[in-house]
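Let me begin by presenting the structure, written as structure tokens, before commenting on it.
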């Protein structure tokens, strides 16, 4: 399915078969494509680039399609990796987090830091952590394949 180029987001790079590789939703996903291009929120004379997940209902392109600035895509990747690393090491502890110090890490970015912590405000946090860990375990093959590819391309880029 061709990603539309006549909408506000202007694709420059596209992957039009994302629904075939969308994790456990592969071959039955409404996320039909990904694109990198000119952001839909560009003002005259100011150009931002973004990543977009294109969803299709079967009849039309969905308003649930998501557009993200590239730095947010990378921030999400960092966030996922830090959470995964913390949970990987948490088996050594009695509980995966300390309620008095729920912070996992602070990732320095642009002179400040992205604080990553457990959502201690969640009344079902312990149960939700267990469910989250179970889902991570069940999806380990899908996630690991992507993380290996990410690691490889980062090395190729000199990182």
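The values are calculated or read from the model by the stated rules, or taken from the named source; none is laboratory data. Note that this is a predicted model, so its numbers are computed, not measured. Cβ placement follows ideal geometry from the backbone for every residue including glycine, while neighbour counts extend to all protein chains displayed.
Observations on the model:
- Restricting region 1-29 to residues that are in contact with a strand residue (DSSP E or B) (Cβ under 7 Å, 6 or more places away or on another chain) and assigned to a loop (DSSP other than H, G, I, E, B), the residue that is farthest from residue 71 (Cα to Cα): 1
- Residue within region 30-38 that is part of a loop (DSSP other than H, G, I, E, B), buried (at least 16 other Cβ atoms within 10 Å of the Cβ) and without any contact (Cβ under 8 Å) to a residue 40 or more places away in the chain present: yes
Let's see how each residue does on (1) at pLDDT below 90; (2) within 19 Å of the chain's Cα centre (by Cα); (3) within 20 Å of residue 144 (Cα to Cα):
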{"site": "29", "(1), (2), (3)": "no, yes, no"}
{"site": "43", "(1), (2), (3)": "yes, no, no"}
{"site": "61", "(1), (2), (3)": "no, no, no"}
{"site": "67", "(1), (2), (3)": "yes, yes, no"}
{"site": "81", "(1), (2), (3)": "no, yes, yes"}
{"site": "84", "(1), (2), (3)": "no, yes, yes"}
